[in-house]
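Below you'll find the structure, written out as structure tokens, and then a few comments.
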Amino acid sequence: MAGEHIEVSGIAAPVDILVDRWGVSHIRASGTADLFFAQGFNAARDRLWQIDLWRKRGLGLLAADFGPGYLAQDRAARLFLDRGDMDAEWAAYGGDARSICEAFVAGVNAYVDVVDRHPDRLPLEFVRLRTRPARWNAADVVRIRTHGWLRNALSEATRAAVMARADAAADRLRLALEPPVVPEPAPGLDLAGMPPDVLDAYRLATAPVTFSAARLGADMADAWRWRAVTPDGDVSLAAAAPASNNWAVHGDRTTTGRPVLASDPHRLHAVPSLRHLVHLSAPGLDLIGAVEPHFPGITIGHNEDAAFGLTLFLGPDQEDLHVYEASPDGARSYRYGGGWEPLRLVEETFEIKGAAPIVMPLAFTRHGPVVYEDPTRGRIYALRTVWTEPGTAPYGAALLAMRARTCDEFRTALRRWKAPAVNYVYADRTGSIAWITAGLAPVRRSWDGLLPVPGDGRYEWEGFLDPGLLPSAVNPPAGFVASANAFNLPPSWDRHAAPMGYEWDDPSRRDRIDEVLSADRRHSVEASCALQTDVVSLPARRLCALVAPLSPADPDAHAALDLLDRWDHRLTADSPAAALFEVWWTRRLRPAVLERLVPDSRTRALLGAGDVGAVLDVLEAGMAGRLDAEPSGFAAMLLATLAEAHRDCRALMGMDAAAWAWGRLQHWRVQHALSVLDPDDARFDVGPLAVGGSESTLMKGTYRPSDFRVTLGASVRLVMDVGDWDRSVWINAPGQSGDPRSPHYADLAAPWARGEYVPMLFSEQAVTTGAVTTIRLEPASPAGSGPAG
């Protein structure tokens, strides 16, 4: 077995990092402080560029490294930094959160020291951009909020724009509300007066860091032009939502009598991967799972007794956009109650590469940061979010939850969970399974949270819902629990006593989980793997049922119907019918429905691709004659767009339909942030790889209609055999390492695209047998740190 010894300052005893053939590190320490130190060291070893950029982006320090083109993004990030009392912040995550984070960042800094001594270890990105990794403070781990995911400020602003031009019915085509409700604008608030770029600062604060020769070369004269964010997340000159699946199946419905728990959180694809797989072992602590590499511990995985996986819970609406009347006399104040309240101004110094530092004030109202000022209309806009509450660092409460051994302990730990709101599924060795929701849920008594509201005091949160009142279920009669971001409040839910939001994801994935698990009385790890990579499209099933009875005259429509009639609605990469269906649905049918119902092109542009369920409902209602139009009109639209899609496929893939394949169009390719600077450098990007699925299948694949490139899907997949842990499996994509020079940079990409898994080694024997490399961290000698050997 290959080995390496590295002397470091900051540990009390030697620590072993055993790396298996898939690049997963299994860390063994004799104490918890050394364990989390080693996790930080190892995260930096694998992902130094990624976590350094994460820190600089979150703290608003990019311009110091990259120049004026990043100044606007720095200012936006600092608007959302936590500025509260750090003692309260640490206390929110549990008694030892501070010591864990201090050990973790000491490990990160120790690896930076190693890089300083051995420049050959410096990741290529630093070399290419002539920058250096910075050293961390423990507070950096929890002060940064902007890498998380909240809602629904962007939707509020878009809904306001749609309703200013049309009505709530048009907005339902963008995003259906559950239960159905008609949003009502606040009295006296003119939605038409809201500027389209009102939330550019919010978009910019939460955007990834992008690079281009023009942005890196920008001077101070152009600094404030680099503030717009494209739909793909690129920051440009001024001119898709995460999702996840999870389930836990009771042992009464499995082949082994033990629970099976599966989790595959979906996020924007990136290289390096958003998440890092790790195994942490010390006396009294044995954790294995996935975590974002800038954070200690794990958020998805298992300990010796219990397994857990999460998805976003879309019930709590954790944001509100407030609109204020600005003081007409030019004073920095806004109307609140019966008088004027001054803005709170905080001066911040920004270091800028190639330019002198500048000092800028950031403005805050009582509700939150000012994101836009409109002196022409005399308006100020500020965003209220739960980010300003102590303890809302994303996933912070996992530091407690990951160590829970029983369902009651897990529920108690999740009472501290604040952001983002999540559905956790849980299973333990006693056989219990549970669904538990967690997160701060603001209480709104007088409005629904679906549109911007005046900030004059009439629309205030009345605290937060007691965590114990959030929905949950333990060992339900169905024998399984599951979530997939869809509406999942119990039928008896009292919205007055416990207010919730109305914006949920397309139910297709949730319905497919229920369909499969309800029929499966002998579930297994293998069955969960198959379900995570399932590509059955329920929208395809519904649409094919609509067109099956039709008799077209157009030969292209006839050929298309014949192909769909013989199809099983599975979006496999090799399927000709899947290619036809997705081209029809995405490029022809959905746009045609939106054009028919929303003739104004400017309004239609706000609707995006259209809500899956809402568009399907319109088509089914139209064909049934339940709309103000003849069914023949909808039949004609279905057939005309189907014929157009058939011709599109011929143009894209050739005249022989038998040679068509969904994977010839849909592909998975992840681009490194630097590849745009040198497209011929093949070291950074991964792919393209043919993949199946779509936005509505369990094997999630949200793609760009322009080129069918998948941009969002499973960041990791885990399936755990609860109690016989070595039978568990997982996979990360594209690989564990962020260094293109590493064999683990992209070695998991092809297996991930094929829907394959690798072993999740847990027992001491399995890890020892499966390890291929050992890195031993030794306490530095009193004379000083020795060389890395």
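The values are calculated or read from the model by the stated rules, or taken from the named source; none is laboratory data. Bear in mind that the values here come from a model prediction, so they are computed numbers and not experimental data. Here the Cβ positions follow ideal geometry from the backbone for every residue, glycine too, while neighbour counts run over all protein chains shown. Remember, those area values only see protein heavy atoms, side chains included, never the ligands or the DNA or RNA. Shrake-Rupley method; radii C 1.70, N 1.55, O 1.52, S 1.80 Å.
Across region 587-682, the relative contact order, built from alpha-carbon pairs under 8 Å that are at least six residues apart, equals 22 percent.
By the rule of a C-alpha distance below 18 Å, with chain neighbours fewer than 8 residues away ignored, the aspartates and glutamates paired with LYS353 are ASP52, ASP65, ASP74, GLU125, ASP219, ASP222. For region 33-174, averaging the sequence separation of C-alpha pairs within contact (under 8 Å, six or more residues apart) and dividing by the residue count gives a relative contact order of 32 percent. Only helices enter the 222 nm calculation for the chain: every DSSP H run of n ≥ 4 contributes -39,500 (n - 2.57), and dividing by all residues gives -8500 deg cm²/dmol, rounded to 500.
Separation of region 689-733 from region 99-120 is 32 Å, based on Cα centroids.
Annotation for region 749-781 versus region 480-540: alpha-carbon center distance of 32 Å.
With a Förster radius of 41 Å applied to the beta-carbon distance between ARG541 and ALA2, the computed FRET efficiency rounds to 0.20. Remark: C-alpha extents of region 158-316 on the principal axes read 60, 48, 24 Å, sorted largest to smallest. How much of the pair distance distribution for region 37-178 lies past 25 Å, counting alpha-carbon pairs only, in percent? Result for the distance tail: 46 percent. Here region 695-789 was treated as a single set of alpha-carbon atoms; its pair distances binned every 10 Å from 0 give 13, 29, 30, 17, 9, 2, 0 percent. For region 2-52 versus region 398-456, the spacing of their alpha-carbon centroids is 31 Å. When Rg and the Kirkwood radius Rh are both evaluated on Cα atoms of region 279-332, their ratio Rg/Rh stands at 1.41. Sorting the Cα pairs of region 665-739 by distance into bins of 10 Å, from 0 upward, gives 16, 38, 30, 12, 3 percent per bin. Each principal axis of the Cα cloud of region 131-226 was taken in turn, and the coordinate range along them, longest first, works out to 52, 35, 26 Å. Over all directions, the projected convex hull of the C-alpha atoms in region 1-82 averages 7.8 nm² in area.
Take the chain with all the other protein chains still there, run a 1.4 Å probe, and you get 36 Å² of accessible area per residue. In terms of packing, defined here as the mean over residues of other Cβ atoms within 10 angstrom, the peptides 350-363, 393-406 line up highest first as 393-406, 350-363. Determine the share of region 523-672's accessible area contributed by carbon and sulfur atoms, expressed in whole percent, with a 1.4 angstrom probe. Roughly 52 percent, rounded to a whole number. Could you give log10 I(q)/I(0) at q = 0.18, 0.20, 0.21, 0.22 Å⁻¹ for region 59-129, computed by the Debye formula over C-alpha point scatterers of equal weight, without solvent? Debye intensities relative to I(0), on a log10 scale: -0.99, -1.01, -1.01, -1.01.
Once the Cβ-Cβ distance between LEU627 and HIS496 is put in as r, and R0 is 35 Å, what FRET efficiency do you end up with, to the nearest 0.05?
0.60
A convex hull fitted around the alpha carbon atoms of region 92-147 yields 88 Å³ per residue. The base-10 log of I(q)/I(0) for region 479-621, evaluated at q = 0.08, 0.17, 0.21 Å⁻¹, reads -0.31, -1.14, -1.36 [Debye formula, identical scatterers on Cα atoms, solvent excluded]. Heavy-atom surface analysis with a 1.4 Å probe gives region 96-252 a carbon and sulfur content of 53 percent of its accessible area.
As a length-normalised measure over Cα pairs under 8 Å and 6 or more apart, the relative contact order of region 651-789 settles at 16 percent. Taking one quarter of the surface of the C-alpha convex hull of region 501-566 gives a mean projected area of 7.2 nm². Over all pairs of different C-alpha atoms, region 631-777 has a mean inverse distance whose reciprocal, the Kirkwood radius, equals 18.6 Å.
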